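Below you'll find the structure, written out as structure tokens, and then a few comments.
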Amino acid sequence: MSEKISGQQIRDKFTQYFISKQHEKNASSSLIPHNDKTLLFCNAGMNQFKDYFTGKSIASNKRAVSIQKCVRAGGKHNDLENVGHTARHHTFFEMLGNFSFGDYFKEEAIRFAWEFLTVELKIPPEKLYVTVHYSDDEARKLWMKVAGLPNEKIFNKGDKDNFWEMGEFGPCGPSSEIFFDHGEEYTDHDLVRVDPLDLLEDEKRYVEIWNLVFMQFEKTPEGKFSLPKPSIDTGAGLERVTAALQGCYNNYNTDIFFPIMKKIEDISGKKYDPYGKDEKTKAAFRVVADHIRSATMLITDGAIPSNEGRGYVLRRIIRRAIKYLNELGVKELSFYKLVPAVFESLGQEYPQNAANAELAVKLLELEEKKFRETLENGLKFLTDALSKEVTNKVFSGKAAFKLYDTYGFPVDLTEMYLIDHGLKLDHENFDKAMKEQKELSKKSWKGAFDNSDKIFHTVKEKYGASNFVGYEHLEVEAKLLEIIDMGEIKGLIFDKTSFYGESGGQVGDIGVVKLGKNTLANISDTQKPVDSLHVHFSNDADALEVGKSYTLSVDSKSRKLIMRNHSATHLLQAALIKVLGPHVKQAGSIVSADKLRFDFTHLQAMTKEEIEKVEDLVNQEISKAHRVEANIMNMEEAQKKGAMALFGEKYGNIVRVLSMGDFSTELCGGVHVHNTSDIGLITVLSESSLATGVRRIEATTSETAIHHLSHRSQLLKKVESLFMDKEERALVKLENLIKDLKEKQKEIESLKDKIQLNESKDLFNNVENLGGIDYAIIEASPDSDLRKLSDLFISKFQNGAVVLYNLNGDKASVLVRSSKGASKLNAGDALKDILPVINGRGGGKPDMAQGSGEAALIGKIALQAKTVMKAKLG
């Protein structure tokens, strides 16, 4: 076996080997797939090359090599539940891949793989075995020819093992897998073999380290079709290859995980002994180590924990990790402290992620704090559910799912508690609820422009990228190459254009198509449905003819306003980072003519003082009249220059860097002013919450900002006129008036309470007792405060339960309340049984629930409520 080398050295060797074979190094794409609604997360190296395999797009170099960050924790490819309990399952992993887009095929792919493993990495050939699809005799013969493998070391497999598919639809084809023999000591003696001659059935001893996919087909809803040219997609798991080379059976024992394991030891005070007998502790270490990698890399690629879609899966990963930290005895906030250890191993290969480390620290600390509060509440719910949700010693699947979904309890944690109580879990209903949630998750995935139609790819392949000259010119003579009929609207393709196609948050240009002085068509939008292809949309282009030349003229007023807002957005981001901290990252933006919208990562609402400070800082930089410079350079130079990258975006090797003095340096392909003074001024319109950990600022600049401020000035003049005083004095009078009104309102509320108290003496006369519980069904006067009435009832009847209802505007309102002494009545359940008679909706907690329905059906409430109360209390 070769000398022990590090995971980073394997990355470098892999890249260098394939570059020497004329492959172009492609940076890893984001874990958040762009323009691919079929994927939850990037789960394979070939994801970013999908359009090359399908023929939708043509690669500039038909050979590629990449080291792709991947997550498998949702959808078809989901390894979450196995993590920590096996030697090789991970939610986050790295895929070494080499690719051919219609260039070389099976023979070269096999030769490259064999040479890299046995010559470059010096793995003994006798340690390697391969599989082929049972129908692929060509691959079998090539392994014998190229690698000199004997027939008995090549095993046939079926579709399940050796036919690869990216998802339900997409590229696919037969594959050939390379297995590494970890040695006789890892033989699975409990294995029941299907084929006694197939050594590779023993997956404990023989581990797949590289998969060569011979991409020949594309699977669509209509069937399976041959790809235009056979291609190659290979994937070797870095963690598995590293384990083989470092003599480790378990991936978690390699140097890739060492920094994280060491940090978990420091935090927990426990030792990670990979060969010890404490399986529970080992599993906890491995789960935490794996999950901090996936959580950190997802957040630094743009995912935000939430209750839907990708954010929902991310939150599950984080909470599962915290549960295992709990098992290691770690009770204080600690998960976020592991982030620096992640980048000890991954920072060199993924510098853009490492640059966002501060954000991961902030978000993970917030998530852990929230979950530790939830954990306590979840245990309370479980304790309560154990007395209510058990039938024939089987715990309700719905209750278990509520623990999972609402309180973040992994199902295995719930089952551990159930075992302690001698109970089993209703897996059928839990799985049913889980399936419904997964469907909900899938429906919430977001996709950008739907470019599934091949027409745009075909046009780009036919004519090439659009020649964009809009940085220098607003008007240009251009030849019309194609008119794409899209029904009421047409897409116009020109050989060159001054119109900016929507991208990077900047909206597309509008304008006109002219012949001489005559306007022949209006352009209502410009998009880039395929990278570098500008499509001009028009609903009045009937007079245009393909092959003729026209003048393309961008609306100069709209463009100037967009430029000002876009440049102000760059200054705004830099100001936010200076005022709030380096955790601020762009999470989205829209730059239009009338305003700018900037979404950014921050954990709480900005204070009034912070907003003013940011606004003042941007205006100071505008007034400094910085020259705005755009320079083309390679990515490495841009990073050294300190250029900020768009959150989760993948960039090519050559990028455009936009600088505004020393204040702002960003990667950007948009249009901008020549000098910051051209912006005029900025005014912030609003600051609000978009999601947990994400804030949104809306602002405007130049003449639009002046109009906004002028309008506010006119409003102040009206206030001054009403109070017959100026500025601050008028505001003091307004404040005093509001203060007086609040005091009068308090007096009115106090009088209402006294009236309601007197009313309650009459209302509470008809109280009945059932099973030791005092209960009543009460119709209150219209618009009465039902909550306050219920407080009065509970304070008077310590063992009381009440149903209150009344007309509230155009609806009938119902409130159910129970005291601690009447806890046998679940208010939420009772309300659920009452509301159907008024076609109502509502909900609440076990001690109080509220809802409303149709006012016309209010007369049915009393009888239904009495029936429900008798049933619940009897």
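Kindly indicate whether any position in region 757-780 is under 30 Å from L596 (Cα atoms) and basic (K, R).
Among the residues of region 757-780, not one is under 30 Å from L596 (Cα atoms) and basic (K, R), which makes the answer no.
Regarding K739, is this residue at pLDDT 85 or above, open to solvent by 90 Å² or more (accessible area, probe 1.4 Å) and in a helix (DSSP H, G or I)?
yes
Is at least one residue of region 284-300 at pLDDT 90 or above, part of a loop (DSSP other than H, G, I, E, B) and either open to solvent by 10 Å² or more (accessible area, probe 1.4 Å) or closer than 26 Å to G347 by Cβ (or both)?
Yes: region 284-300 contains one or more residues that are at pLDDT 90 or above, part of a loop (DSSP other than H, G, I, E, B) and either open to solvent by 10 Å² or more (accessible area, probe 1.4 Å) or closer than 26 Å to G347 by Cβ (or both).
Of all residues in region 162-208, which are closer than 30 Å to Y52 by Cα and part of a helix (DSSP H, G or I)?
Hit for region 162-208 is N162, nothing else.
(1) in contact with a strand residue (DSSP E or B) (Cβ under 8 Å, 6 or more places away or on another chain); (2) open to solvent by 40 Å² or more (accessible area, probe 1.4 Å); (3) of a type outside the set (A, V, I, L, M); (4) modelled with pLDDT of 85 or more: which one isn't true of E165, the others all being true?
Every listed condition holds for E165 apart from (4).
Step by step: first the residues of region 175-192, then only those that are free of Cβ contacts under 8 Å to residues at least 40 places away in the same chain and of a type in the set (V, I, T), then the one that is surrounded by the most Cβ atoms within 10 Å (Cβ to Cβ). Which residue is that?
Only one residue fits best here, namely T187.
Out of the residues in region 655-675 that are under 26 Å from L31 (Cβ atoms) and among the small types (G, A, S), which is surrounded by the most Cβ atoms within 10 Å (Cβ to Cβ)?
G670
Taking region 301-326 on its own, how many of its residues are part of a helix (DSSP H, G or I), of a type in the set (A, V, I, L, M, F, W, C) and open to solvent by 10 Å² or more (accessible area, probe 1.4 Å)?
Count: 1.
Here's a check for you: in region 790-813, which residue that is under 15 Å from G851 (Cβ atoms) and among the small types (G, A, S) is most open to solvent (accessible area, probe 1.4 Å)?
Per the criteria, the residue is G809.
Give the residue, chosen from G652, G693, that is open to solvent by 30 Å² or more (accessible area, probe 1.4 Å), under 22 Å from A354 (Cα atoms) and touching a helix residue (DSSP H, G or I) at 6+ places or on another chain (Cβ under 8 Å).
One residue alone meets the criteria, G652.
Between residues in region 144-159 that are farther than 12 Å from E126 by Cβ and residues that are in a strand (DSSP E or B) and open to solvent by less than 60 Å² (accessible area, probe 1.4 Å), which pairs lie under 6 Å by C-beta distance while being six or more apart or on different chains?
I154/V130; F155/T131; K157/T131
Among the numbered conditions (1) polar (S, T, N, Q); (2) open to solvent by less than 50 Å² (accessible area, probe 1.4 Å); (3) in a strand (DSSP E or B), tell me where T569 comes up short.
(3)
Determine, yes or no, whether G84 is open to solvent by less than 10 Å² (accessible area, probe 1.4 Å), at pLDDT below 95, assigned to a loop (DSSP other than H, G, I, E, B) and not hydrophobic (A, V, I, L, M, F, W, C).
Yes; evaluated as a whole, the condition is true for this residue.
Of the residues R787, R841, R817, which is surrounded by 17 or more Cβ atoms within 10 Å (Cβ to Cβ), in contact (Cβ under 8 Å) with a residue 12 or more places away in the chain and among the charged types (D, E, K, R)?
Exactly one residue qualifies, and that residue is R817.
The values are calculated or read from the model by the stated rules, or taken from the named source; none is laboratory data. Keep in mind it's a predicted model, so treat the numbers as computed, not measured. Quick reminder, even Gly has a Cβ in these numbers, built from the backbone with ideal geometry, and neighbours come from all protein chains shown. Accessible surface areas use protein heavy atoms only, side chains included; no ligands, DNA or RNA. Shrake-Rupley method; radii C 1.70, N 1.55, O 1.52, S 1.80 Å.
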